[in-house]
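This report concerns only the one structure given below.
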There are 2 protein chains.
Amino acid sequence: MKPETRKEEIIRVAAKLFKEKGFSAVTMRDLATAMGIKAASLYNHINSKQEILKEIIISLAEDFTESIKIIYNSKNNSLEKLSNIIELHVSLTTKNTYHMASLNNDWMHLEDQLEYYLKLRKDYESYFLKILNEGMDASEIKNVNPQIIMFTMLSTLRSLYLWIPKKEDLNIDELANNLSVVLIQGINK
Amino acid sequence: MKPETRKEEIIRVAAKLFKEKGFSAVTMRDLATAMGIKAASLYNHINSKQEILKEIIISLAEDFTESIKIIYNSKNNSLEKLSNIIELHVSLTTKNTYHMASLNNDWMHLEDQLEYYLKLRKDYESYFLKILNEGMDASEIKNVNPQIIMFTMLSTLRSLYLWIPKKEDLNIDELANNLSVVLIQGINK
DNA sequence: TCCTTAAACTAACACTTGTTAGTTTGTGTT
DNA sequence: AACACAAACTAACAAGTGTTAGTTTAAGGA
């Protein structure tokens, strides 16, 4: 493991602040204070506030889209693929709790990268829907409007960042298992 | 139906802007432009930006907490009560789509009213958990960690504001019914 | 016609915002 | 001792922030 660079440290601290108040409500002076330095000093390490947001969101969004593509192309059946998606969200959210908040709530403040982000999200949802539709064709998944199933699952999975930090007592694998029970057995014929 | 006052109109337009960019990113000049007037003119009708946020969030939060209390005290069984909760969210979200965004994302910027809001939310969740626990005692609900069931249901229901405006083709009752299938039959023993 | 009132306006305020420029400090290397 | 470099600093900027004060405008009732 490489040690964290100063830039990475700034981004990590920023993500934490963004989670609490949102990107727009956090000033560079807030961030500097949290780092124990002056605002101007931040610019030795980063180019702009925008860049911090981009660094928080884009690589994580790429992770999600790449991973669901792999899940989609695997040889598992549809229900197993849905379980894999749940595990993916639990895993990425556990490792990037604060980043997930910006991914959910601050993406609209991406400027140059907004279009690219929207494409990543659209691709992600396309793979999700393909898995659901193929599961229905194979009679593995209940015949309910797939948009509604995706909406239900994604709403839950996207909110995980709010609950995971509270549940330090709760085992992560147990969480994924319980979510699978609640989310999947309900749509299993 | 009383006609809308100018103040109510400002609050309605503000809620729409807050949904798109968040409370902090919307300036009083943005709001004024959307109203077709100058920023200073807003203050003939409202006392502060804070007050707008309060008006958007608090009465809606009160609605939720009062309504779930009534549902809890009704004579329905637990599964029917959960259906009622789903209908409640679909109904309030349909009527207040934009307000729901602030309720979800901007509550932390309430200042004077923050504590009161948190109490309303805590009370709401207490009633929800009571319904789940009584349902388990009565063997109507699967024996899964009730926090996880509530988390799953609430994540979905709180995100409705994101999906309802897109689905003008989709019937509202059908939405509530489909959600009940997906969310409840999964936890029904 | 005069008065009241709702609702807009202009002008300005004190403060905060992100960011830049140039400088200093401390640490490790030659 | 001299140097290089990362990383902090001070000072300042132009623009934007929420808000206030006082004024104008248009419509309706006395």
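Can you pull out the residues in the range B:34-68 that are more than 10 Å from DNA strand D (Cβ to nearest atom) and open to solvent by 40 Å² or more (accessible area, probe 1.4 Å)?
Passing the criteria: B:34, B:36, B:37, B:45, B:54, B:55, B:59, B:62, B:63, B:66.
Among the residues of the range A:69-85, are any open to solvent by 40 Å² or more (accessible area, probe 1.4 Å) and aliphatic (A, V, I, L, M)?
Yes, there is a match, as at least one residue in the range A:69-85 is open to solvent by 40 Å² or more (accessible area, probe 1.4 Å) and aliphatic (A, V, I, L, M).
Given the criteria in contact (Cβ under 8 Å) with a residue 40 or more places away in the chain and over 11 Å from the mean Cα position of the chain (by Cα), does residue A:83 qualify?
yes
Give the range B:45-77 a look and list any residue that's more than 30 Å from residue B:138 (Cα to Cα) and in contact (Cβ under 8 Å) with a residue 12 or more places away in the chain, or say none.
If the condition is that a residue be more than 30 Å from residue B:138 (Cα to Cα) and in contact (Cβ under 8 Å) with a residue 12 or more places away in the chain, then B:45, B:46, B:49, B:50, B:52, B:53, B:54, B:55, B:56, B:57, B:58, B:60 are the ones that fit.
Out of B:108, B:136, I need the residue that is open to solvent by less than 40 Å² (accessible area, probe 1.4 Å) and either out of contact with any Ser or Thr (no Cβ under 7 Å at 6 or more places or on another chain) or at negative phi (or both). Which one?
Criteria check complete, one pass: B:136.
Among the residues that make up the range B:5-21, is at least one of them among the aliphatic types (A, V, I, L, M) and touching a residue at least 60 places away in the same chain (Cβ under 8 Å)?
yes
Please work out which one of (1) free of Cβ contacts under 8 Å to residues at least 60 places away in the same chain; (2) under 16 Å from the mean Cα position of the chain (by Cα) is the condition residue A:40 fails and give its number.
Against the list (1) free of Cβ contacts under 8 Å to residues at least 60 places away in the same chain; (2) under 16 Å from the mean Cα position of the chain (by Cα), residue A:40 comes up short only on (2).
In the set B:173, B:169, which member is away from chain A (no Cβ under 13 Å), modelled with pLDDT under 95, under 23 Å from residue B:92 (Cβ atoms) and open to solvent by 40 Å² or more (accessible area, probe 1.4 Å)?
B:173
Kindly establish whether residue A:110 is within 14 Å of chain B (Cβ to nearest Cβ) and either within 16 Å of residue A:59 (Cα to Cα) or in contact with a Pro (Cβ under 9 Å, 6 or more places away or on another chain) (or both).
Spelling it out, residue A:110 is indeed within 14 Å of chain B (Cβ to nearest Cβ) and either within 16 Å of residue A:59 (Cα to Cα) or in contact with a Pro (Cβ under 9 Å, 6 or more places away or on another chain) (or both).
Could you pull out every one of the helices (runs of 4 or more DSSP H) wholly within the range A:1-102 that has 2 or more residues that are within 14 Å of chain B (Cβ to nearest Cβ) and either under 30 Å from residue A:134 (Cβ atoms) or away from DNA strand C (no atom under 11 Å from the Cβ) (or both)?
Here the list reads A:6-21, A:78-95.
The values are calculated or read from the model by the stated rules, or taken from the named source; none is laboratory data. Remember, predicted model here, so these are calculated numbers, not experimental data. When we count neighbours, we look across all protein chains shown, and the Cβ atoms used for this are built from the backbone with ideal geometry, even at glycine. Side chains included, ligands, DNA and RNA excluded: accessible areas come from the protein's heavy atoms. Shrake-Rupley method; radii C 1.70, N 1.55, O 1.52, S 1.80 Å.
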